[in-house]
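Before any comments, here is the structure.
The values are calculated or read from the model by the stated rules, or taken from the named source; none is laboratory data. Keep in mind that this is a model prediction, so the values were computed, not measured. No Cβ is skipped: glycine too gets one built from the backbone with ideal geometry, and neighbour counts run over all protein chains shown.
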Amino acid sequence: MPWLGSLAGRLAILLAGFILLATVVVVVREYRVGDERLVAETQRVLASRAGVASERLEVSLAERQRLVALWAALETSQDLAVDDVDKRVSRSLQDLASTLGDGTEAVAARPGGRVLAASDPARLGDAPPPLPRSVERALESREPGLALVAAPSPGTIVATADVVSNVDGSVLGRIAVWTPLPRFLSAAIPLELATTVLTGPGGAELARGDGVTGPEDAYLWARDSARTEAGSVQVAVGRQRTELAASLRASGRQLVTLAALFLLLALPAALLVVRSGTSALRRLTRAATELDAHHPAPLPPISPWAPTEVRVLADAMESMVERLERAREELARSESLAAVGMLTKSLAHEIRTPLSVLRAGTEMLFRSPQAGEREREVSEMLQAEVERLARLVDDLLVFGRPSPPHPQDVDLHGVCAGALAVLGGDAAENGVTVSLEGAATPLRADPDQLRQIVLNLVSNGVRACERGGSVRVRTRADGAGAVLEVEDDGTGIPEDRLDEIWKPLVTTHRSGSGLGLPIVRQLVEAHGGRVEVHSVPGEGTLMRVVLPIDATEKA
């Protein structure tokens with residue numbers, strides 16, 4: 001597709017690829033970071049749960065042993081001194097079993113193992129069920145206390161305490177209380193026990209939740225220890241890694257969804273930015289292709305939201321177009337001047353000979369003895385017109401055959417003073433005051449051409465003034481240039497005619513030739529300078545000529 005090769009297409013592809021790549025990188029990184037954070041947070045939660053479980057286990061075991069010891073010290077327990085079944089002690093043991101929770105049983109036996117009281121009446125019948133082996137060992141043990149038995153499954157917790165005689169301090173018997181370990185743990189530990197494992201002091205496994213079915217490394221574990229009379233019991237709380245993976249996948253799906261939403265929002269925004277940045281370039285490109293036209297269309301306005309580079313390019317192109325237009329106008333003017341110059345040169349040569357004949361004839365008529373007053377008056381009028389035509393011919397020759405300047409050290413102020421001396425009579429005859437201001441202004445220029453410039457400008461100023469007007473001539477040095485200013489308070493030039501005054505044979509004065517200002521411009525530019533005009537109709541005109549100090553290098 002053609003648009004892929006355009007700047008907009010390439011920028012759009014590059015920007016879209018960058019956004020897509022950045023999104024993928026962020027999603028992958030956040031997924032990995034989320035995995036680490038999820039594991040760390042799960043580990044922290046499991047550690048907290050293991051700590052709570054071990055603490056509650058310690059408290060529950062200590063409380064159980066305290067209650068058994070307390071029941072052994074009751075006055076009711078002294079009935080074990082009578083070597084016979086005691087119903088009062090049995091009721092007391094029922095209360096103890098009820099206090100310690102469902103599934104708990106209690107018996108009171110004489111030394112030697114004969115059961116005299118039990119929380120379960122069936123254990124006092126003619127054919128009582130046998131006691132659990134762990135309880136029998138606890139009753140036969142030398143020292144009472146707490147025992148955690150792992151086998152047979154599912155394990156048992158047994159607490160025993162001796163009943164001591166209040167009379168002689170002898171041991172009347174022993175109370176044993178036991179509970180299946182799962183029931184005890186469900187009441188003692190406020191946790192979900194499905195993934196909890198308890199390990200006894202000898203390393204034997206006391207309990208394992210039914211949720212722990214796989215290998216150890218399939219779970220994430222946190223462990224803590226509970227200190228009991230029977231020794232240290234390790235509590236391990238775990239969570240399946242597959243659950244973490246499922247949770248992470250759910251978070252990943254949410255992250256991918258957010259990334260997709262971001263792409264849906266970011267890509268149109270990126271394309272909008274590309275379009276706003278390149279649309280102005282496209283308009284500038286179209287305008288640039290039209291620059292070879294004779295009259296190219298104006299450059300399109302650039303949006304203030306366009307990038308800085310685009311605005312700078314637009315300004316540069318606008319400046320270039322203006323320079324091209326000025327160059328075209330200058331070329332057209334030069335071609336026109338060259339054509340006019342060839343014409344005026346030919347006309348000047350053709351007119352010069354008849355003018356010489358007319359000048360000689362009018363002089364003969366003026367000096368003839370037969371000429372009367374009327375004839376002499378007509379002769380003088382003819383001579384004046386012949387002289388005017390001769391000056392016009394000279395101007396035509398100067399304009400049509402410009403000679404290069406021959407620079408030498410001159411004083412612009414002195415050249416102006418000499419020119420004003422020549423024009424003084426003409427100015428006085430027209431009632432115009434001519435003044436010169438400034439100081440010596442040295443430069444290298446052609447003195448004859450410089451004098452011609454001053455004469456033409458001052459003559460134009462005098463003709464533009466009415467009687468009583470004034471023409472002010474000023475000279476000064478300005479940096480690397482010399483400045484000549486001729487200002488009059490005449491009629492001024494309309495703004496729409498400022499460009500026409502530089503065209504040959506165009507004049508606003510009845511007695512003008514229309515070549516004065518074109519010759520001025522021609523001579524000034526030959527010296528590498530420039531001429532400016534500022535005019536206000538009804539107030540006057542200011543002509544400013546700026547010449548380089550050294551016209552040798554500029555010419």
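Among residues of the range 147-184 being out of contact with any helix residue (DSSP H, G or I) (no Cβ under 7 Å at 6 or more places or on another chain) and in a strand (DSSP E or B), the one that is surrounded by the fewest Cβ atoms within 10 Å (Cβ to Cβ) is Val171.
Yes/no per residue for (1) under 22 Å from Val39 (Cα atoms); (2) touching a strand residue (DSSP E or B) at 6+ places or on another chain (Cβ under 7 Å); (3) basic (Lys, Arg); (4) outside the structural domain of Thr99 (by TED's automatic domain parsing):
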site	(1), (2), (3), (4)
Val171	no, yes, no, no
Phe184	no, yes, no, no
Leu193	yes, no, no, no
Val197	yes, yes, no, no
Pro201	no, yes, no, no
Leu206	no, yes, no, no
Ala218	yes, yes, no, no
Arg227	no, no, yes, no
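Filtering the range 89-146 to residues that are touching a residue at least 24 places away in the same chain (Cβ under 8 Å), part of a helix (DSSP H, G or I) and surrounded by fewer than 19 Cβ atoms within 10 Å (Cβ to Cβ) leaves Gln94, Thr99, Pro121, Leu124, Glu140.
Residues are listed down the side, and each one gets a yes or a no for (1) modelled with pLDDT of 85 or more; (2) over 14 Å from His406 (Cα atoms); (3) touching a Pro at 6+ places or on another chain (Cβ under 6 Å); (4) surrounded by fewer than 20 Cβ atoms within 10 Å (Cβ to Cβ):
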{"residue": "Thr507", "(1), (2), (3), (4)": "no, yes, no, yes"}
{"residue": "Ser511", "(1), (2), (3), (4)": "no, yes, no, yes"}
{"residue": "Val520", "(1), (2), (3), (4)": "no, yes, no, no"}
{"residue": "Arg530", "(1), (2), (3), (4)": "yes, yes, no, yes"}
{"residue": "Ser535", "(1), (2), (3), (4)": "yes, yes, no, no"}
{"residue": "Gly540", "(1), (2), (3), (4)": "yes, yes, no, no"}
{"residue": "Met543", "(1), (2), (3), (4)": "yes, yes, no, no"}
{"residue": "Ala551", "(1), (2), (3), (4)": "no, no, yes, no"}
{"residue": "Ala555", "(1), (2), (3), (4)": "no, no, yes, yes"}
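If you go through the range 528-542 and keep only what is closer than 12 Å to Leu484 by Cβ and part of a loop (DSSP other than H, G, I, E, B), you end up with just Gly529.
For the range 231-240, check the following and say yes or no: at least one residue is buried (at least 21 other Cβ atoms within 10 Å of the Cβ), within 21 Å of Gln65 (Cα to Cα) and not β-branched (Val, Ile, Thr). There is no residue in the range 231-240 that is buried (at least 21 other Cβ atoms within 10 Å of the Cβ), within 21 Å of Gln65 (Cα to Cα) and not β-branched (Val, Ile, Thr). Contact annotation: residue pairs with Cβ atoms under 7 Å, 6 or more positions apart or on different chains, pairing a residue in the range 478-500 that is in contact (Cβ under 8 Å) with a residue 40 or more places away in the chain with a partner that is surrounded by 14 or more Cβ atoms within 10 Å (Cβ to Cβ) and of a type in the set (D, E, K, R), are Val483/Arg476; Val483/Arg544; Glu485/Arg474; Glu485/Arg544; Glu487/Arg472. Within the bounds of the range 56-70, is there any residue that is under 60 Å from the mean Cα position of the chain (by Cα), over 15 Å from Thr179 (Cβ atoms) and either outside the structural domain of Ala207 (by TED's automatic domain parsing) or modelled with pLDDT of 90 or more (or both)? The answer is yes, given that some residue of the range 56-70 is under 60 Å from the mean Cα position of the chain (by Cα), over 15 Å from Thr179 (Cβ atoms) and either outside the structural domain of Ala207 (by TED's automatic domain parsing) or modelled with pLDDT of 90 or more (or both).
For the residues Val68, Val85, the requirement of being under 29 Å from Asp162 (Cβ atoms), among the β-branched types (Val, Ile, Thr), outside any helix (DSSP H, G or I) and in contact with a strand residue (DSSP E or B) (Cβ under 8 Å, 6 or more places away or on another chain) singles out Val85. Note on the range 157-179: residues that are closer than 26 Å to Gly202 by Cα and either at pLDDT below 90 or of a type in the set (Asp, Glu) (or both) total 1. A single member of Arg114, Arg133, Arg64 is in contact with a helix residue (DSSP H, G or I) (Cβ under 9 Å, 6 or more places away or on another chain) and among the basic types (Lys, Arg), and it is Arg64.
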